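Structure first, then comments.
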Amino acid sequence: MNHANLSIFVPHVGCPRRCSFCNQKTISGAQQLPDGSSVRALCKQAAQDLGERVCRTEIAFFGGSFTAIEKSYMCELLQAAKECVTQYGFAGIRASTRPDAVDGDVVDCLLSYGVTALELGAQSMDDEVLRKNFRGHTAQDVRNAAKLTKHAGISLGLQMMTGLYGSTPQKELDTARQLAALGPDTVRIYPTVVLTGTALAELAQRGEYRAPGVEESVDLCAKLMDFFEQAGVKVIRVGLHASKEVEDRAVAGAFHPAFRELCEAKRFLSRMLWQLQTRLKDREYEIWVHPSCVSKAVGQHKKNLNALAEQGYRVKIRQGASVPCGAVQIREKGGVADCI
C-alpha cells in the first residue's frame, strides 16, 4: 500500500525545548492550533476529496511532540480523529513525537484511541550529537520508546537527520544501523537545512559549523536509502517538505524541492556503474529500466548520462514494463542482459 497522510500540524506545543535546527513556524507554516472541531471539518473535506483513496490515507498529527502536549488536548484531537476513522474509513491514525515522551501510560492511551502508527524523532543515536543539538533525550530513550511501541502492536516509524552539528557521515551510518536494529516499519531521512532564527544559523554565521550541501547530502542519503531498503525498512520520506516558507528562510544545508528524486538518481547511477565496471568501453550498451524509473536513470538535466559519458561509456536508456521497478538491466547491443 502506498503511504499517504492527511497531515494535521500541532506546531511546537509539546516541545519542552528548542532544538538547534528547529524553526517550527517555518517548517509547518503560520497556522492556528487545531482543535477537535477543526480536525473533524478537515477530515470531512479530505474524505470528500479523496474518494476511494481515503482507505489508504492516515490521519497524521505532525509538527510537534504530540504525546508531550497537555493530555486533555491530545485526547480531544485523538477522539476527533477516531470518530473520523470510523465515519469516513481512513486507514488509521499516525502521530510523531519525542522518544522521551513515550511511556507505558502514553502507549495505552494511544491504543485506546486507535492510533496505528507512532513515529519517533530519534535524529541521531550518538548521545554527543544529541547533546550538542539540544535534543534533551538520549539514544537509550529511543530504544525504550521503540520497544514499547512495537510491543503494543503499533507500527513503528523512526526519523533521523544527517549533517547535524557535531555529527559525521560515519556517525550517521552508525545511527542508521542502530535504528534498523530496532525493527521499524518505516523511516524518514532528513538532511539538515539551516533556517534563519535557529542555533545552527548562529553557529554557521560564527564559522563554527558547516552544513553539508545538496551534493554531499545526496551521496550520503542515497547510501542510507540502500541500507534501509536492504534491511527491509520502508523509506517514506527523504528531505524536508518543500514549501515557500522553508525556501525563503533556508540559509545553508541540503534544501532542494526534489531532494528524494536526486537521491534516487544517484542510486541508479551507482547501480549502472557497478554493472558497467567490468565491461569494455569500446562498445555501445542499452540500459533497461521500468518506465516509471526513466527520469531517475537519466538523472536531472541528464546528469547520469553525462557522468557515464565522462567515464567513457556509450549508453542509451530504454524502458521495459518487464523490468522490476528499481532494477537495472544492461546489455550490449544485441547481447544478453545483466540485472541488478
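Quick look at the values:
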read-out	value
Neighbour-count order for ASP282, ASP108, ASP100, ASP185, fewest beta carbons within 10 angstrom listed first	ASP282, ASP108, ASP185, ASP100
Listed residues GLY166, LEU273, VAL194: farthest to the positive end of the dipole of the chain (Cβ charges)	LEU273
Region 5-257, dipole about Cα centre (Lys/Arg Cβ +1, Asp/Glu Cβ -1), debye to the nearest 20	140
Neighbour-count order for GLU284, GLU172, fewest beta carbons within 10 angstrom listed first	GLU284, GLU172
Residues with amide H under 5 Å from that of THR57, placed H, sequence gap 5 or more	ALA91
Distance-filtered residues of region 266-303 - backbone nitrogen under 14 Å, label point 7 angstrom along ALA309 Cα→Cβ	298-303
C-alpha center-to-center spacing [region 153-210, region 73-88] in angstrom	31
Extended-chain gain in nm, criterion 0.36 nm per residue less alpha-carbon gap, GLU229 and ASN5	78.5 nm
Options (i) 70, 52, 37; (ii) 143, 71, 38; (iii) 66, 47, 35 - which one matches Cα extents along the principal axes in Å as calculated here	(i)
Contour excess over end-to-end distance, with Cα ends at ASP219 and ALA258 and 0.36 nm allotted per residue	12.6 nm
Helix-only mean residue ellipticity at 222 nm for the chain, each DSSP H run of n ≥ 4 adding -39500 (n - 2.57), per residue, nearest 500	-12500 deg cm²/dmol
Over region 5-257, relative contact order from alpha-carbon pairs under 8 Å, at least 6 apart, %	18
Normalised contact order of region 87-128, rounded percent, pairs of Cα under 8 Å and 6 or more residues apart	54
Cβ-based exposure ranking for LEU273, LEU305, in which fewest neighbours within 10 Å come first	LEU273, LEU305
Pairs from LYS147/LYS234; LYS234/LYS296; LYS82/LYS150; LYS132/LYS266; LYS234/LYS333; LYS281/LYS302 whose Cα-Cα separation, in the structure shown, is over 26 Å	LYS132/LYS266; LYS234/LYS333
Percent of beta bridges antiparallel (DSSP, the chain, rounded to nearest 5)	20
Sequence-separation-based contact order of region 152-263, relative, with Cα cut under 8 Å and 6+ spacing, percent	33
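Bear in mind these aren't lab numbers, they're just calculated from the coordinates by the rules spelled out. What you see is a predicted model, and the numbers here were worked out from it, not measured in a lab. Neighbour counts run over all protein chains shown; Cβ positions are idealised from the backbone, glycine included.
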